[in-house]
1. Do we find that PHE89 is modelled with pLDDT of 95 or more and touching a Gly at 6+ places or on another chain (Cβ under 7 Å) in this structure?
2. With the structure loaded, tell me whether LEU70 is under 26 Å from PRO39 (Cα atoms) and either among the aliphatic types (A, V, I, L, M) or surrounded by 18 or more Cβ atoms within 10 Å (Cβ to Cβ) (or both) or whether it fails that test.
3. Which count do you get for residues in the stretch 11-31 that are touching a residue at least 40 places away in the same chain (Cβ under 8 Å) and either farther than 14 Å from LYS127 by Cα or open to solvent by 50 Å² or more (accessible area, probe 1.4 Å) (or both)?
4. If you scan the stretch 36-67, which residues turn out to be more than 15 Å from the chain's Cα centre (by Cα), open to solvent by 60 Å² or more (accessible area, probe 1.4 Å) and either hydrophobic (A, V, I, L, M, F, W, C) or on the phi > 0 side of the Ramachandran plot (or both)?
5. Quick test for you: out of ARG129, ARG133, ARG164, pick the one residue that is open to solvent by 60 Å² or more (accessible area, probe 1.4 Å) and more than 12 Å from the chain's Cα centre (by Cα).
6. Find the residue count for the stretch 78-103, including only residues that are under 13 Å from the mean Cα position of the chain (by Cα), aliphatic (A, V, I, L, M) and either assigned to a loop (DSSP other than H, G, I, E, B) or surrounded by fewer than 20 Cβ atoms within 10 Å (Cβ to Cβ) (or both).
7. Restricting attention to the stretch 104-118, which residues are in contact with a helix residue (DSSP H, G or I) (Cβ under 9 Å, 6 or more places away or on another chain) and open to solvent by 40 Å² or more (accessible area, probe 1.4 Å)?
8. Out of the stretch 174-188, which residues are open to solvent by 20 Å² or more (accessible area, probe 1.4 Å) and touching a Phe, Trp or Tyr at 6+ places or on another chain (Cβ under 8 Å)?
Amino acid sequence: MPQDPITQKLLLDWFADLDTPEGLRAELVEGELVVTPVPDGHHEHCISRIVGQMHRRSRTDMLFCANKGLKLRNAEGYPQDHVIPDGTFAPKELRLYRGADPWMPCAGVAMVLEVTSSKPQTDREIKRRCYARGGVPLYLLVDRDSSWITLFSDPESGDYQDLRAVAFGKPLALPQPFAFELDTADFL
């Protein structure tokens, strides 16, 4: 339910002052506080496999940042979204992460990565809309429940207009600036 401007500001101020306990991460997503535990080993394995391939195979030299706080455009009636993707990729030449605040704007981010965990619908739907509203060009979702990997692209009007999905074990073509086929065989 949309919030009035005073409630939005109070929620945003409260969130900014939140001291999240060790081992947890907190996000403000479409007006909802989302707290998640430290991920399990399979979650981190998927991320590690993707990052390794990015460093070895990407056409453009990319920097990776795990758990980088992004400030994204808010949904109407809610305070600004503060989302922590499992990973962000940006061209090395931009030096995007150097000197960045804990919560940085998403301008220059080429792709965000999420691997589903305890609340997969958040990654599948809510975060997808957040990243699209923010104008992040590519959103890569590793859905461990369905054993599929999906690349969302062409953000417009608050959602991604295009998607390509493959079952674990099949390659997924990544467009520029990456321009290689992501091997997902090791996700099985």
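The values are calculated or read from the model by the stated rules, or taken from the named source; none is laboratory data. Every value quoted in this text rests on a predicted model; they were computed, and no experiment measured them. A quick note on method: Cβ atoms are made from the backbone with ideal geometry, for glycine too, and the neighbour counts reach across all protein chains shown. Keep in mind that these areas ignore ligands, DNA and RNA; they rest on the heavy atoms of the full protein, side chains included. Shrake-Rupley method; radii C 1.70, N 1.55, O 1.52, S 1.80 Å.
1. Here the answer is no, as PHE89 does not meet what is asked.
2. So LEU70 passes the test.
3. Looking only at that region, the number is 4.
4. VAL38
5. That would be ARG164, the only listed residue that is open to solvent by 60 Å² or more (accessible area, probe 1.4 Å) and more than 12 Å from the chain's Cα centre (by Cα).
6. Adding up the residues that qualify gives 1.
7. Scanning the stretch 104-118 gives a single hit, SER117.
8. Those that are open to solvent by 20 Å² or more (accessible area, probe 1.4 Å) and touching a Phe, Trp or Tyr at 6+ places or on another chain (Cβ under 8 Å): ALA185, LEU188.
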